[in-house]
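See below for the structure under consideration.
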Amino acid sequence: MNREPLFRRKTAISYKTEEKTVMRGYDLSEMAEEGYSFSDALFVLFQSRIPTQNEEKMLKYEMGAFLEHSMSPSAAGAIGVINGRPNLPAAVAASVMTFGGVHGPGAAHGYMMNKYIERARVEGKSLDEMAKILVDEYMDAQKPVMGMGQPQHRDSDPRAEPIHIKQEELGLNGVYLEFQRAVEKYFHARRKKEGKSHVGVNVVGAGNAALCDLGFAPNAAWCLGSVCRGYSCAAHALYHMKKGRAWGASKNEPMVQMIDLSMIKYIGPEDREVPSQEERQEYARKQKEEGEYKKWVI
Amino acid sequence: MGNLENKKVVGNLGDERMPFDYSTREYGTVPPDDRDPFRWVSEVAYKNVHRIVARGYDTTELVEQGYGLVDILFVNLQSRIPLIEEDQMLNYVMIMSLEDGLSLPAAISRIVAQSKTFLTQACGASILAFGHAYGAYSAFGNMLIDYLARVEKEGKTLAGVAELLVQEHLDDEALGVSGLMIKDPAAKRMFARAEKLGVAGKYIAFTKEIVKAAQKINKESVDLDMLGATGATMMDLGFTPEATWAIIAVTRSFAAGAHYIEEVERGSYARLGQSLTPKEDYDGPADRPVPPLAERDKNAEPAQTHTIEEWKKAFEERKKTYGSGYSIVEEIEDPSQKTGIKKVGR
């Protein structure tokens with residue numbers, strides 16, 4: 001059997017020989033035998049260090065809270081993909097890939113915090129002062145403040161505040177939590193002043209502040225949050241695969257299915273004849289000149 | 001809707017062999033029928049404005065009670081709270097599954113990273129590496145289930161069925177026994193830990209018999225590998241082959257994220273057209289002049305065959321063209337019932 005490296009790279013993450021697999025210097029099998037947890041291993045993976053007991057507890061708590069979120073873009077993506085009955089990993093991969101700019105944008109929130117904390121350092125301001133600047137800059141520009149609000153949990157994300165409290169209980173509060181709390185304070189105050197409804201912190205705001213205080217870089221934190229959702233999306237995909245009906249359009253089901261024809265609402269151009277090839281050039285020229293098509297360009 | 005009453009017949013759509021009059025087929029979307037409206041039906045989880053509930057347990061209350069990610073995998077996929085020993089065992093398995101050096105998932109993640117993408121694209125892509133050869137947990141698990149059923153059904157011994165399985169799957173990448181872990185004790189240690197924790201069951205017992213049978217038949221040295229160790233242990237923890245497949249693939253994806261990050265930190269991005277493929281790696285047709293378009297008929301060879309013999313001859317000839325797909329045989333089935341047992345590949 002060919003055991004030549006598939007891909008050559010200088011790497012500081014791991015090596016693998018016929019005798020062992022070593023991650024950041026630790027033999028994986030020795031780590032498992034010693035009784036370290038999976039959460040511990042994630043600290044080793046991303047930070048090359050064994051965490052304190054409370055840090056391990058916090059990550060375990062957070063990932064437990066992140067794992068399941070019922071119907072979100074990630075679960076919907078997994079279900080949509082599995083309806084065609086590809087191999088299961090395709091559905092799970094799709095679910096992880098739904099994490100982008102608005103669904104669990106952990107990295108973006110982390111980079112935002114880093115940017116403003118650095119500004120506080122350079123400009124000689126306190127975290128509290130810089131939090132107000134952040135809120136004002138975002139709200140003046142009519143941009144959503146990352147880490148605040150959730151379209152489904154309109155009266156506050158059930159995971160968010162408990163994560164803040166757990167972080168404090170475990171004595172893990174650092175600059176990120178202080179900054180995030182200050183952002184929340186000024187965000188709430190400004191919305192109140194403007195007569196707007198209360199919008200709570202979301203799991204990105206709370207969870208990412210904790211992950212950053214645990215030493216995870218923005219992308220590492222994003223990886224933890226978004227990949228662990230893959231587990232629950234696998235469960236959702238499996239449920240549909242094993243107990244649901246493929247395709248999601250059957251007329252024989254008692255309930256209208258996800259992509260039943262009646263679910264389609266069309267608001268595009270009116271039905272029209274396809275021009276023949278003889279008519280084509282003149283038709284196309286006219287269409288281009290009239291420019292009506294431009295309103296449909298996406 | 002546009003007025004299309006006097007539509008012209010388009011192309012062959014007016015052909016008398018058409019089973020319907022195409023020109024009079026209806027336009028317009030389909031109105032809702034009187035069935036219940038669509039809803040996301042789930043037995044896994046629900047949420048409302050205030051709570052997220054998985055298998056009946058509020059997830060925030062679960063973590064407040066000290067349950068973590070590993071416990072919640074049991075909740076989500078098995079609808080139960082695991083024993084402490086089961087939780088310990090799954091932690092062990094997940095640590096062992098986290099990193100595997102620069103194997104397929106890490107390599108894919110790094111390749112995707114080179115195109116300046118989101119991290120999540122690289123992590124997702126790494127999950128796609130899990131098929132019926134690399135990380136073949138569904139194929140392995142379903143094979144165990146099928147053959148174990150024969151012990152009862154056909155009144156055979158465990159050792160006898162294991163021998164049969166090995167005879168029929170000797171070269172199968174999903175056998176769980178290979179020469180990969182001869183010098184590395186990690187796979188055998190996993191079984192020992194499962195036994196020590198009291199969570200080993202029929203799948204580990206059967207896999208041990210498979211190892212014995214494979215060692216008897218094989219001329220080369222073979223032993224339990226990580227696929228066999230992980231797959232059997234996960235199934236003794238109560239996970240289905242498919243759930244195992246997903247859990248291990250997602251677990252590996254965390255490390256794929258680290259590989260993405262390192263690739264970005266230490267490497268550079270790739271541009272379209274940048275990568276060259278050396279001619280010495282090419283073994284296709286020799287360089288040849290492109291024939292003039294006007295001489296197409298002279299040079300073109302039609303693909304159609306008109307007898308079974310001609311078809312067979314052409315089929316075999318086409319197999320010589322790598323990349324044509326003629327050498328691959330697949331039986332693509334609905335994987336809802338069984339995954340990994342169908343033939344995919346050569």
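The values are calculated or read from the model by the stated rules, or taken from the named source; none is laboratory data. From a predicted model like this one, the values you see are computed outputs, not experimental measurements. FYI the Cβ positions are ideal-geometry reconstructions off the backbone, even for glycines, and counts take in every protein chain you see.
One table, with the values for the structure above:
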quantity	calculated
Residues of region B:179-199 satisfying the condition of being farther than 10 Å from B:THR233 by Cα and outside any helix (DSSP H, G or I)	B:GLY179, B:LEU180, B:MET181, B:ILE182, B:LYS183, B:ASP184, B:PRO185, B:GLY198
Only one of A:VAL183, A:VAL274, A:VAL201 that is among the β-branched types (Val, Ile, Thr), touching a strand residue (DSSP E or B) at 6+ places or on another chain (Cβ under 7 Å) and at negative phi	A:VAL201
Condition met for B:MET94 (assigned by TED's automatic domain parsing to the domain that holds B:LYS196, out of contact with any Lys or Arg (no Cβ under 9 Å at 6 or more places or on another chain) and assigned to a helix (DSSP H, G or I))	yes
Output for region B:46-79, where each listed residue is in contact with a Phe, Trp or Tyr (Cβ under 6 Å, 6 or more places away or on another chain) and surrounded by fewer than 22 Cβ atoms within 10 Å (Cβ to Cβ)	B:VAL53
Lone unmet requirement of (1) free of Cβ contacts under 8 Å to residues at least 12 places away in the same chain; (2) away from chain A (no Cβ under 13 Å) for B:PRO185	(2)
In region B:111-130, the residues that are within 21 Å of the chain's Cα centre (by Cα) and more than 7 Å from chain A (Cβ to nearest Cβ)	B:ILE111, B:VAL112, B:ALA122, B:SER126, B:ALA129
Meets criteria (surrounded by fewer than 24 Cβ atoms within 10 Å (Cβ to Cβ), touching a Pro at 6+ places or on another chain (Cβ under 7 Å) and either of a type in the set (Ser, Thr, Tyr) or closer than 16 Å to B:SER253 by Cβ (or both)) for A:THR11	no
All positions within region B:146-182 that are surrounded by fewer than 16 Cβ atoms within 10 Å (Cβ to Cβ), within 14 Å of chain A (Cβ to nearest Cβ), modelled with pLDDT of 95 or more and in contact with a helix residue (DSSP H, G or I) (Cβ under 9 Å, 6 or more places away or on another chain)	none
Any hit, region B:105-113, residues being among the β-branched types (Val, Ile, Thr), without any contact (Cβ under 8 Å) to a residue 24 or more places away in the chain and touching a helix residue (DSSP H, G or I) at 6+ places or on another chain (Cβ under 7 Å)	no
Unmet requirement for B:PRO82, which otherwise passes all of (1) in a helix (DSSP H, G or I); (2) more than 8 Å from every other protein chain (Cβ to nearest Cβ); (3) more than 21 Å from the chain's Cα centre (by Cα); (4) not small (Gly, Ala, Ser)	(1)
Matching option when the condition is surrounded by 14 or more Cβ atoms within 10 Å (Cβ to Cβ) and in the same structural domain as A:LEU127 (by TED's automatic domain parsing), among A:ALA249, A:ALA206	A:ALA206
Verdict on A:LYS251 being out of contact with any Cys (no Cβ under 9 Å at 6 or more places or on another chain) and closer than 25 Å to A:ALA90 by Cα	no
Criterion (in contact with a Lys or Arg (Cβ under 8 Å, 6 or more places away or on another chain), within 9 Å of chain B (Cβ to nearest Cβ), closer than 30 Å to B:PRO241 by Cβ and in contact (Cβ under 8 Å) with a residue 40 or more places away in the chain) met by exactly one of A:PHE99, A:PHE7	A:PHE99
Long-range neighbours under 7 Å by Cβ, at least six apart or interchain, first residue polar (S, T, N, Q) within region B:30-45, second outside any loop (DSSP other than H, G, I, E, B)	B:SER42/A:HIS236; B:SER42/A:TYR239
Test set (1) within 14 Å of chain A (Cβ to nearest Cβ); (2) closer than 23 Å to B:LEU164 by Cα - B:GLY257 fails condition number	(2)
Region A:76-85: number of residues that are at the interface with another protein chain (Cβ under 8 Å from one of its Cβ atoms) and either surrounded by 24 or more Cβ atoms within 10 Å (Cβ to Cβ) or modelled with pLDDT under 95 (or both)	2
Output for region A:35-78, where each listed residue is under 25 Å from A:HIS103 (Cα atoms) and hydroxyl-bearing (Ser, Thr, Tyr)	A:SER39, A:TYR61, A:SER70, A:SER72, A:SER74
B:ALA125 being in the same structural domain as B:THR240 (by TED's automatic domain parsing) and touching a His at 6+ places or on another chain (Cβ under 9 Å)	no
Unique residue being within 22 Å of B:LEU69 (Cα to Cα) and in contact with a helix residue (DSSP H, G or I) (Cβ under 9 Å, 6 or more places away or on another chain) when the list is A:GLN167, A:GLN180, A:GLN150	A:GLN167
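Residues checked against (1) under 31 Å from the mean Cα position of the chain (by Cα); (2) under 27 Å from B:SER23 (Cα atoms); (3) modelled with pLDDT of 95 or more; (4) among the basic types (Lys, Arg):
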{"position": "A:ILE259", "(1), (2), (3), (4)": "yes, yes, no, no"}
{"position": "A:ILE264", "(1), (2), (3), (4)": "yes, yes, no, no"}
{"position": "A:PRO269", "(1), (2), (3), (4)": "no, yes, no, no"}
{"position": "A:GLU273", "(1), (2), (3), (4)": "no, yes, no, no"}
{"position": "A:ARG280", "(1), (2), (3), (4)": "no, yes, no, yes"}
{"position": "A:GLU289", "(1), (2), (3), (4)": "no, no, yes, no"}
{"position": "A:VAL297", "(1), (2), (3), (4)": "yes, no, no, no"}
